[in-house]
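Notes follow the structure.
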Amino acid sequence: MIVLRIKFNFVSCLIFSYIMYTRRAMPSRNVLIGAYVAFVIVVMIIVIYLSADTTTKPVTNPPVINPPVTNPPVTQPVVKQWCTGGKYCDGSAVPEVAAYVGMSICGQFNQKYTCTAVDKGEPKWVLASGDCGTVGKCPNTQIVTRNDGTVSGNRYCAGIDAAPWHNELPSTWNGAKCISAGFNASGIPVGVDCNTVPGAKAGFRIQCQKTGTGWAADPKVVTGNDGTVSGQTYCSGNAGAPWWNELPAAWGGAKCVSAGFNATGTPTGVDCGTIPGRKAGFRVLCTRDAAAGWHGAPRVVVRNDGSVSGQRYCAGVGEKPWNNELPFTWMGAKCVSAGFNATGDPAGVDCNTIPGSKPGFRVKCIMTNGGWAKWQRNGSEMAA
């Protein structure tokens, strides 16, 4: 603004000097016109200059874009949130989905274990207070107390004579095993190996678990055979039951292991298939054979075409069983029931009734040991 004023004053002085100079003599018309034009031009220059924007505009630099700084990811160490190596009370492995921190399982000896986080390191299974409760208690476990210590826990749980010892366990378990034993008065019995015989001592407690594999049946020496049948015949039973009830009916069948006349120890000296003859002191060692069943146990036969009664069919023909459906060693049989029902015990037809030729006739026979019938069949004719 100061520069503008200086320029204006300078121009004004020039014009004023020019006018004063020309006043000494009357200027000509041309001179006046020239002065006027010069004045107008100067004024226009001043106006144009004044209208111009003389302010200093800021210089705008383009923005500087810095590339983004990418820091490398920080890798945190992976901390496991589940326990490994866990086992249920039946010995099966605990899967990862059931082993996260805070979860509980029913582990060894039917005790409760909880997956617990630790300050340093991986989570681990920790024994929790109380038993398994509702967290998956092993099915079919029971503590028994009537073993006087003279047999091991396993031997006691397994049963005797095809049944539970002292009926402490449900017979429907059909076998059991020991999972823990001890003399502690409460809680899970621990401290004694299941295979250890602790000796006669009060307070022996055992935790048994169902197996379903059958009750144990130790071989048993029987002495009721008077020598008129072999050891095998005697052990296998008669008419669907043990001879003279010397063996437990619960065995479901038995076979001979050895036989002899020695008064003590395991009987030896006579083959199981030999009939020694009537003689006192004959002893036979029998063992359970449930698969064979008791000799003479009732059987259902299905090859009677209905042309003879159930009684006739069971009694045999030509001194042997009809169609060899019954064991020859039964030495005779009789009808118990008959019918056309496809399953279960046959029923609905009297044993002495001839239903007529019709498929599906079933007859239940039982051993008599009275001999097979001697009558013969010739075509459709029966002859005694």
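See the values below:
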{"item": "Tally of residues being more than 28 Å from the chain's Cα centre (by Cα) and polar (S, T, N, Q) across segment 189-222", "result": "1"}
{"item": "Test result for Glu325, among the acidic types (Asp, Glu) and on the phi > 0 side of the Ramachandran plot", "result": "no"}
{"item": "Filter pass, Ala342 being within 27 Å of Asn238 (Cβ to Cβ) and aliphatic (A, V, I, L, M)", "result": "no"}
{"item": "Yes/no for Gly281 being more than 14 Å from Val229 (Cβ to Cβ) and either of a type in the set (A, V, I, L, M, F, W, C) or touching a strand residue (DSSP E or B) at 6+ places or on another chain (Cβ under 6 Å) (or both)", "result": "no"}
{"item": "Single residue of segment 118-142 satisfying the filter (at pLDDT below 90 and hydrophobic (A, V, I, L, M, F, W, C)) that is farthest from Pro198 (Cα to Cα)", "result": "Val118"}
{"item": "Any hit, segment 195-203, residues being part of a loop (DSSP other than H, G, I, E, B) and either in the same structural domain as Gly91 (by TED's automatic domain parsing) or closer than 15 Å to Asn110 by Cβ (or both)", "result": "no"}
{"item": "Top-ranked residue in segment 170-218 [being among the basic types (Lys, Arg) and free of Cβ contacts under 8 Å to residues at least 60 places away in the same chain; ranked as surrounded by the fewest Cβ atoms within 10 Å (Cβ to Cβ)]", "result": "Lys201"}
{"item": "Matching residues in segment 342-368 - criterion: being in a loop (DSSP other than H, G, I, E, B) and in contact with a helix residue (DSSP H, G or I) (Cβ under 6 Å, 6 or more places away or on another chain)", "result": "Cys351, Asn352"}
{"item": "Where a residue in segment 274-287 is farther than 25 Å from Asp218 by Cα and its partner, wherever it lies, is acidic (Asp, Glu), with Cβ under 7 Å and at least six apart", "result": "Arg278/Asp226"}
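The values are calculated or read from the model by the stated rules, or taken from the named source; none is laboratory data. Please read these numbers as outputs of a predicted model, since none were measured by experiment. Every residue, glycine as well, gets a Cβ built from its backbone with ideal geometry; the counts of neighbours run over all protein chains shown.
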